[in-house]
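What follows is a single structure, written as structure tokens, with notes after it.
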Amino acid sequence: MKFTKKRGYDGTIRKVWSDDKEVCFGVVGTVGDFLKEGILEYCDYSPDTWCYLPAPGVLQHPRFGKTREAALENLPKV
């Protein structure tokens, strides 16, 4: 799994890619950063909680976790 970010961005939000960078699974970051960037409008979780949001067409559900790894634990290993 590879993670990419926008040039010059220093927050926690990253695109999640397969190792060969052919499949984008979605984005991962903290709830606080998703709220700050306008990706989420509202969320009951703590701003420090990690969130994974799947890309359109990816058969996964949004997940939350205490760590980035916990939020991504159900992604396929491709």
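The values are calculated or read from the model by the stated rules, or taken from the named source; none is laboratory data. Being a predicted model, the structure only gives us computed values, none of them experimental. With ideal geometry, Cβ positions are generated from the backbone for all residues, glycine too; neighbour counts draw on all protein chains shown. All accessible areas refer to the heavy atoms of the entire protein, side chains included, with ligands and DNA or RNA removed. Shrake-Rupley method; radii C 1.70, N 1.55, O 1.52, S 1.80 Å.
Values computed for the structure shown
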| item | result |
| --- | --- |
| Of all residues making up the stretch 31-49, the number that are open to solvent by less than 50 Å² (accessible area, probe 1.4 Å) and either touching a Lys or Arg at 6+ places or on another chain (Cβ under 8 Å) or in a loop (DSSP other than H, G, I, E, B) (or both) | 3 |
| Pick from the stretch 21-30, criterion free of Cβ contacts under 8 Å to residues at least 40 places away in the same chain and over 15 Å from residue 63 (Cβ atoms), ranking: most open to solvent (accessible area, probe 1.4 Å) | 22 |
| Test: residue 3 is of a type outside the set (Ser, Thr, Tyr), touching a Pro at 6+ places or on another chain (Cβ under 7 Å) and either open to solvent by 80 Å² or more (accessible area, probe 1.4 Å) or in a strand (DSSP E or B) (or both) | no |
| Which listed residue is among the basic types (Lys, Arg), assigned to a strand (DSSP E or B) and under 17 Å from residue 1 (Cβ atoms), from 15, 21 | 15 |
